[in-house]
Amino acid sequence: MSKVSIAMTTYNGEKYLEQQLLSIFNQKRQPDEVIICDDGSSDRTVMIAQQFITKYNLQDNWRIIKNKYNKGLTKNFLECASMTTGDIIFFSDQDDVWRANKISKMATLFEHNYKIKAMSCNVTIIDKEGNKLKYILNLLQKNKADIQQIPFSMQIRNNRSAGLTLAVRRELLNYAKPIIFQYNLPYDLPMGLFASVFGGYYLLKEPLVYRRVHSQNLSTPKYTLKSRIQNVDYHISGRRLR
């Protein structure tokens with residue numbers, strides 16, 4: 001059985017952090033290791049994480065590291081992931097919620113198909129209170145555990161490899177990390193692109209993450225049909241970047 005690690009980054013995330021930590025703690029298949037890298041929070045984020053680890057006696061395989069300086073999102077995520085020791089690395093934001101079978105379903109697929117270098121799952125969009133939103137993305141999704149290989153051309157068009165859904169093999173992380181730093185790229189998009197070039201990027205079409213939309217999101221998601229129509233330049237620029 002593969003060793004599974006989680007790389008989580010935090011920054012002033014006190015409001016929703018405990019809910020995300022609980023969703024990881026309640027996974028049917030427990031991660032072998034959780035590393036949380038805080039990027040200089042000025043609120044109670046670090047204290048909440050430390051108290052959670054102590055409360056549930058997780059000191060053996062969970063730890064939080066407070067950065068000496070603010071590294072920024074990409075560097076923090078990639079260096080956090082590099083501190084892990086697992087064969088399969090899941091990336092985790094601080095404000096979402098994982099379904100209890102996320103690790104078990106995705107890790108099992110990795111273990112049964114070594115061609116998989118990176119994998120994403122679908123998401124359910126929720127508001128700041130945790131209520132499911134009536135976005136077209138939510139309405140069209142079905143709870144089917146179909147898995148699809150994503151070719152390079154499709155990844156260029158759609159960018160499926162959002163970090164909150166992403167898990168990668170360690171060898172892909174090691175391959176992608178220096179290129180991402182060299183060209184100042186985001187941490188997640190290149191993972192899907194590189195994996196798809198090698199025929200190893202897959203999408204599990206089951207929503208296993210609740211994606212929380214709120215005013216403090218580091219990136220503003222464009223999930224509504226209205227936003228997609230009104231923000232054509234946003235989507236064109238995204239494809240150009242890819």
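Calculated [222 nm] ellipticity per residue, helices only, for the chain: -11000 deg cm²/dmol; basis is -39500 (n - 2.57) per DSSP H run with n ≥ 4, divided by all residues, nearest 500.
Accessible area per residue for the stretch 1-116 is 45 Å², calculated with a 1.4 Å probe on protein heavy atoms, without ligands, DNA or RNA. For the stretch 1-146, the fraction of 1.4 Å probe accessible surface lying on carbon and sulfur atoms is 49 percent. Under 18 Å from the Cα of K68, which aspartates and glutamates turn up, not counting those fewer than eight places away in the same chain? K68 reaches D38, D39, D43, E79.
The peptide list 35-47, 156-168, put in order of mean Cβ contacts within 10 Å with the highest first, becomes 156-168, 35-47. Taking a ≥ b ≥ c as the square roots of the eigenvalues of the Cα gyration tensor, an a/c ratio of 1.5 or more together with a/b no larger than b/c marks the stretch 1-85 as oblate.
Taking 4.7 Å between beta carbons as the limit, the unpaired Cys residues of the chain are C121.
Estimated at 0.36 nm per residue, the fully extended path between N70 and N113 surpasses their Cα-Cα distance by 11.7 nm.
Among 66-77, 182-193, the peptide with the highest mean count of other Cβ atoms within 10 Å heads the list, and the full ranking is 182-193, 66-77.
Once the chain from N61 to F198 is taken as fully extended at 0.36 nm per residue, the excess over their C-alpha distance is 46.1 nm. Helices that extend 18 Å or more along their long axis by alpha-carbon positions and average at least -0.5 on the Kyte-Doolittle scale are, among the DSSP H runs of the chain, 170-182.
The values are calculated or read from the model by the stated rules, or taken from the named source; none is laboratory data. Everything quoted here is computed from the prediction, not taken from an experiment. Every residue, glycine as well, gets a Cβ built from its backbone with ideal geometry; the counts of neighbours run over all protein chains shown. Just so you know, the surface numbers come from the protein's heavy atoms only, side chains and all, with ligands and any DNA or RNA stripped out. Shrake-Rupley method; radii C 1.70, N 1.55, O 1.52, S 1.80 Å.
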